[in-house]
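A.B. asks: Pasting in a structure now, in structure tokens, and then I'll have a few things to ask.
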Amino acid sequence: MAYYNINLVVASEPSSARSCTCASTSTSTSNGISTPTSTSTRTPTRTPATPIVGGRDGDKFRFTVLRDGLVRYEYAPDGHFEDRPSAFAALRDEALQSVSVPDFTLRETPAKVDIITERFHLTYSKAAGRFSPGTLFARVFGHTSEVWRFGDEQQTLGGTYRTLDHVDGRVDMGHGVVSRKGFASVDDSRTMLFTPDGSFIAPRREPVEGRIDGYLFCYGHDYRAAVQAFYAISGPQPLLPRWALGNWWSRYKEYTTESYLDLVRTFAKHALPLSCAVVDMDWHLVADDVVKESGQSGWTGYTWNKDLFPDPKAFIRELHRQGLHVTLNDHPAEGVASYEDMYKAVARKLNLDPSTKETIPFDITNKSFLKAYFDPLLKNLEDDGIDFWWIDWQQGRYTDMKDVDPLWVLNHFHYQHNAERLASRSRDERGEHPLIFSRYAGPGSHRYPIGFSGDTTLSWASLHFQPEFTATASNIGYGWWSHDIGGHMLGERDDELTARWVQFGVFSPIMRLHSTKNEWMCKEPWKLPAGSGQGPRDAVFDFLRLRHRLIPYIHTMNARAADKDNGEPLIQPMYWEHPERDEAYGVPNQYYYGSEMIVAPITSPLNRATKTGKVRAWLPPGKYVDYFTGVVYDGDRHLWLNRTLDKYPVLLKQGAIVPLDSAMTPENGGKNPDRFEVVVTVGADGRFDLLEEDEDGITIKREATEVPDWIRTPIVYSQAEGTITIGPTQGGHPSLRRNWYVRVLSARVAWPVRASYSGEGPEPQVSVVDNVVSVDLRDVPPRSQAVIHLGANPQLATNKPMDLLFPILYAAQVGYELKEKIEAIVKEDGVPASTRASQLDTLDMDADLRLVVNEFLFAQSRS
């Protein structure tokens, strides 16, 4: 994988040599290669020497072919075009210099321009002047029934939204770079610019009115390629630190040192792992007399409340000792008040007189203020040990610099600042990656993870929208949303809703519990009611532990997301993989979670008769195995998935390989385990390269923002041979031995199952129980290769419908005679499925109970 780090330098201005070439017209030589010419003759040209068309003296238009499916279109009434990087296209210059810029055909006359690539044909009528639906249009090959026309209303598959503050249900998610029509355009005419060297921000050229700067994505239904083209000009998603993929605790509450540490100890007492401690705004002075006397609201603050946290350094040091990273909340909008510890130091740096005691206004577009904001204002707090900032900006989109949104400035320079802090650490301490926690500012914000989606309303409607919201954000490349899991405010207590929300959180990008300052509202898992293994507390306990067990899988997907050339978001809508299937567009809440899993969240309450929740899912062609239940499903159809509160619909494709931490109760911090569980499904070939970082620095020393030297362990399944091969591990310390516990779900295999590995160690342990093959390989040397033989061409097992149905039917609050009748029909052997279906139709039963029976009875055509 190749990576790019955008932390410190943004793209540079195009070179003068290339600019000169762009200002020339082109003619074709005898060998078909175009060359610049200063003549006024404009003839059809094939394979131009420059990706830029127009932009010459006297031209008011300019097109730039950036990829075979991506073209920039500009109109400048004064003939002056924009070459500086923008918030949207920060790496446009690098994309221009890339070998990936395609060949294209240019046909140009005094009246018309045609640009033709392998993917699209764009036409511009020069004689008409300004862009309009009739003068600038394009057809995408394979989708020529639709025509993109400049200025027409967009019909994309959506993007994302700035904040879910006070949203209860669905909102319009704007536009992304993918569309069923085959094309999508992005208007970049008014976004923030960077100076050519990337050191600061800049306004747009005046006058702004009449200038057009847009990007047309023409990728048909190759949605993944469209987003990767966006990453090429905007920058890829950065690599997150591994610990960020664990459980976060956050709550708007007046904690003290002791109450917060006691909270962390209680998590540990219940064997519930954490990786990040969020301290909301009450860490600083809020309602003290000095705040009131100054006329401040108390939302902004930079001075520890020593009544609550008498020794901040000791407090943070103890959280670090517990394996947690720490972030503080910052609402910066009200500036720096005179009572702040660093007021005088900030005033002196800005050449202000501190004796006036006037509040220093927040002015993030002022370069001097920006420097003072980070040092000394924030540095004073960072010296206490905090790891990153939660930038909680809620005060709008306007600054003194025209069209510059303060959230963009905060996100960009906070992320850069965090990278610089990490780079300045001693070499032994460098094992991190930059991180901030802030709201979405617009397309291009994926460069500054992690996204805070806002103060979520506590309701089933909010939960129902969040899976779609999260998956759809991938259409604009935004892959690391963090939601207020469980809901932040309003609503009413609903423990079942909390449990379902946590389950979604575990299978979302970031798992962060959160709630507001209300003594009746809480997310502490041990305060939920238990219930014989299926209650809200039981479910939340199990899933919080599962989140940390999943980190090996998620972190490998984190590496995939950060790949410079082939990056893919962790979560992807179903239509990314199945763009020609209408059904894929009809399940917006269902998504791929990494390369191996399909998740269909349950976002509605339990049925009181069956004690199950349900979701209408679509299974693509193939066969699937439920991760939690082992049920085998035939695909290529819709069906209802029904689950008790302790289960969640997570389906593995044939040939899936999912590595987990084998510890059932992982420790805080999410460090690399030395014991793995590997879940495998048979039926198709599979491969998964487990990627880890040498976070302890045993053999690999690197700068904080350098590309990791990955420890890579290939895990390969061969369907024809029926073998699972693990290793050898590449990279890492040669003496680090591993335990591999392999679990093959719902498989019919030939006995005996054999396992072996090279080198000395305990004999592998093999068992087969209820169609689950378990192989325990202990103390395997990293340079060794372990092989498990299941027998040639193993197949997925056949479901036993009554065994699957029994626990739900037993607990169902329905009549006993009805249960007996259902059992008799389901267990009847040698009877066609259609006959059993008609028999069940004659029974008067709860509608959801019928869905449960049908699901298990007809999960497979052969069961």
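The values are calculated or read from the model by the stated rules, or taken from the named source; none is laboratory data. On a predicted model such as this, the values are computed, not experimentally measured, just so you know. Neighbour counts run over all protein chains shown; Cβ positions are idealised from the backbone, glycine included. What goes into the accessible areas is simple: the full protein's heavy atoms, side chains included, and nothing from ligands, DNA or RNA. Shrake-Rupley method; radii C 1.70, N 1.55, O 1.52, S 1.80 Å.
A.B. asks: Averaged per residue, what accessible area in Å² does segment 722-863 show with a 1.4 Å probe, protein chains only?
C.D. replies: Ligands and nucleic acids excluded, the result is 51 Å² per residue.
A.B. asks: Still on this structure, I have one more. Let me know the charge dipole size of the chain about its Cα centre in debye, to the nearest 20, where only the beta-carbon of Lys, Arg (+1) and Asp, Glu (-1) is charged.
C.D. replies: For the chain, the charge dipole is close to 1500 debye.
A.B. asks: Of Lys517/Lys611; Lys357/Lys402; Lys371/Lys402; Lys306/Lys517; Lys253/Lys647, which ones are farther than 23 Å apart at the Cα?
C.D. replies: Listed pairs above 23 Å: Lys517/Lys611; Lys357/Lys402; Lys253/Lys647.
A.B. asks: Which order, highest average first, do 120-130, 588-598 follow once you tally other Cβ atoms within 10 Å for each residue and take the mean per peptide?
C.D. replies: 588-598, 120-130
A.B. asks: Now for a separate question. Pairs of Cα atoms under 8 Å, at least six residues apart: use those to get the relative contact order of segment 476-594, whole percent.
C.D. replies: Values: 141 pairs, mean separation 25.2, N = 119.
Once divided by the residue count of segment 476-594, the mean separation gives 21 percent.
A.B. asks: What is the ratio of the Cα radius of gyration of segment 392-469 to 2.2 N^0.38 Å, with N the residue count, to two decimals?
C.D. replies: 1.38
A.B. asks: Then there is this: At a 1.4 Å probe radius, carbon and sulfur cover how many percent of the accessible area of the chain? Walk me through the numbers on the way to the answer.
C.D. replies: On the way: 15830 of 32750 Å².
Of the solvent-accessible surface of the chain, carbon and sulfur hold 48 percent.
A.B. asks: So, with +1 on the Cβ of K and R and -1 on the Cβ of D and E, and no other charges, what is the size of the charge dipole of segment 519-591 about its Cα centre, to the nearest 20 debye?
C.D. replies: The calculation lands at about 460 debye.
A.B. asks: Further, regarding this structure: State the answer as a single residue: which of Gln416, Gly451, Trp481 lies farthest towards the positive end of the charge dipole of segment 369-487, with beta carbon charges of +1 for Lys and Arg and -1 for Asp and Glu, about the Cα centre.
C.D. replies: Gln416
A.B. asks: Continuing with the same structure: Could you calculate the contour length gain from Phe628 to Glu828, that is, 0.36 nm times the residue separation minus the distance between their Cα atoms, to one decimal place in nm?
C.D. replies: Full extension of this stretch gives 69.3 nm more.
A.B. asks: Can you work out D for segment 517-629 in µm² s⁻¹ from Stokes-Einstein, where Rh is the Kirkwood radius over C-alpha pairs, the temperature is 10 °C and the viscosity is 1.306 mPa s?
C.D. replies: Roughly 94 µm²/s, to the nearest whole number.
A.B. asks: Same structure again: When averaged across all projection directions, what area in nm² does the alpha-carbon convex hull of segment 133-247 cover?
C.D. replies: 11.3 nm²
A.B. asks: Could you tell me the relative contact order of segment 418-496? Use alpha-carbon pairs under 8 Å, at least six residues apart, and round to a whole percent.
C.D. replies: Computed value for segment 418-496: 29 percent relative contact order.
A.B. asks: Here's another thing I want to ask about it. Could you provide, to the nearest whole Å², the per residue accessible area of segment 442-528 with probe 1.4 Å?
C.D. replies: On a per-residue basis, 21 Å².
A.B. asks: Which whole-number percent is the relative contact order of the chain (Cα, under 8 Å, 6+ apart)? List each step's numbers first, then the result.
C.D. replies: Working: 1992 pairs, mean separation 85.9, N = 863.
Relative contact order here is 10 percent.
A.B. asks: Suppose only helical runs count, i.e. DSSP H with n ≥ 4. What mean residue ellipticity at 222 nm does that imply for the chain under -39500 (n - 2.57) per run, divided by all residues and rounded to the nearest 500 deg cm²/dmol?
C.D. replies: For the chain, the value works out to -6500 deg cm²/dmol.
A.B. asks: Additional query: Considering only the other residues whose Cβ falls under 14 Å of the Cβ of Glu153, what net charge follows from Lys and Arg at +1 and Asp and Glu at -1?
C.D. replies: -2
A.B. asks: Please work out the Kirkwood hydrodynamic radius for the chain, using every pair of different C-alpha atoms, and report it in angstroms with one decimal place. Show your work: numbers first, answer last.
C.D. replies: Numbers: mean 1/r = 0.0340 Å⁻¹.
After inverting the pairwise mean of 1/r, the radius is 29.4 Å.
A.B. asks: With the calculation restricted to Cα positions, what are the radius of gyration and Dmax of segment 365-515 in angstrom?
C.D. replies: Cα only, segment 365-515: 17.3, 51 Å (Rg, Dmax).
A.B. asks: For a protection proxy built on the mean count of beta-carbon atoms within 10 angstrom, sort 481-493, 318-330, 199-211, 149-161 highest first, please.
C.D. replies: With the highest mean Cβ count within 10 Å placed first, the list reads 481-493, 318-330, 149-161, 199-211.
A.B. asks: Which semi-axes, in whole Å and largest first, does the equivalent ellipsoid of segment 74-188 have when worked out from the alpha carbon gyration tensor as the square roots of 5 times its eigenvalues?
C.D. replies: Taking √(5λ) for each Cα gyration eigenvalue gives 28, 19, 16 Å.
A.B. asks: Also, quick follow-up: Based on the Kirkwood radius over alpha-carbon pairs, what value in µm²/s does the Stokes-Einstein equation return for the translational diffusion coefficient of segment 730-863 at 20 °C and 1.002 mPa s?
C.D. replies: 117 µm²/s
A.B. asks: Determine the percent antiparallel among the DSSP beta bridges restricted to the chain, to the nearest 5.
C.D. replies: Bridges in the chain that DSSP calls antiparallel: roughly 80 percent.
A.B. asks: Please work out the ratio of the alpha-carbon Rg of segment 599-651 to 2.2 N^0.38 Å and round it to two decimals.
C.D. replies: 1.11
A.B. asks: Amide H of Phe217 versus every other amide H placed in the peptide plane: which residues, excluding those fewer than 5 positions away on the same chain, fall under 5 Å?
C.D. replies: Here the answer is Ala184, Ser185, Val186, since their amide H atoms fall under 5 Å of that of Phe217.
A.B. asks: A further question follows. Taking a temperature of 25 °C and a viscosity of 0.890 mPa s, what whole-number D in µm²/s does Stokes-Einstein yield for segment 222-376 with Rh from Kirkwood over alpha carbon pairs? Provide the component values of the computation, followed by the final result.
C.D. replies: Numbers: Rh = 18.3 Å.
Answer, rounded: 134 µm²/s.
A.B. asks: Residue farthest toward the positive end of the dipole of segment 579-664, with Cβ of Lys/Arg at +1 and Asp/Glu at -1: which of Pro601, Tyr591, Val658?
C.D. replies: Toward the positive end, the furthest listed residue is Pro601.
A.B. asks: Calculate the dipole size of segment 137-227 relative to its Cα centre from +1 charges on Lys and Arg beta carbons and -1 charges on Asp and Glu beta carbons; express the result in debye to the nearest 20.
C.D. replies: About 240 debye.
A.B. asks: While we're on this one: Using the Cα centre of the chain as origin and beta-carbon charges of +1 (Lys, Arg) and -1 (Asp, Glu), tell me which of Val831, Met511, Tyr260 is placed farthest towards the positive end of the dipole.
C.D. replies: Val831
A.B. asks: Separate question: Return one whole number: the accessible area per residue of segment 57-150 in Å², for a 1.4 Å probe. Let's see the in-between values first.
C.D. replies: Values: 3670 Å² over 94 residues.
For segment 57-150, the solvent-accessible area averages 39 Å² per residue.
A.B. asks: Using 0.36 nm times the number of residues separating Thr842 and Tyr398, minus their current alpha carbon distance, what extension gain do you get?
C.D. replies: Extra length available between Thr842 and Tyr398 comes to 153.3 nm.
A.B. asks: OK, next. Please report the spacing between the Cα centers of segment 118-135 and segment 828-863 in Å, no decimals.
C.D. replies: Comparing the Cα centres of segment 118-135 and segment 828-863, I get a distance of 59 Å.
A.B. asks: Can you work out ³J(HN,Hα) from phi for every residue in segment 60-72, in order, using Karplus 6.51 cos²θ - 1.76 cosθ + 1.60 and θ = phi - 60°, giving whole Hz and x for Gly and Pro?
C.D. replies: Using θ = phi - 60°, the values come out as 10, 10, 8, 10, 10, 8, 8, 8, 5, x, 9, 9, 8 Hz.
A.B. asks: Hey, another quick one. With N set to the number of residues, divide the alpha-carbon radius of gyration of segment 561-716 by 2.2 N^0.38 Å and report two decimals.
C.D. replies: My calculation over the Cα atoms of segment 561-716 gives 1.22.
A.B. asks: Also, quick follow-up: Which of the lysines could a cross-linker span from Lys671 if the Cα-Cα distance has to be under 24 Å and same-chain partners fewer than 8 positions apart are dropped?
C.D. replies: Lys269, Lys313, Lys701
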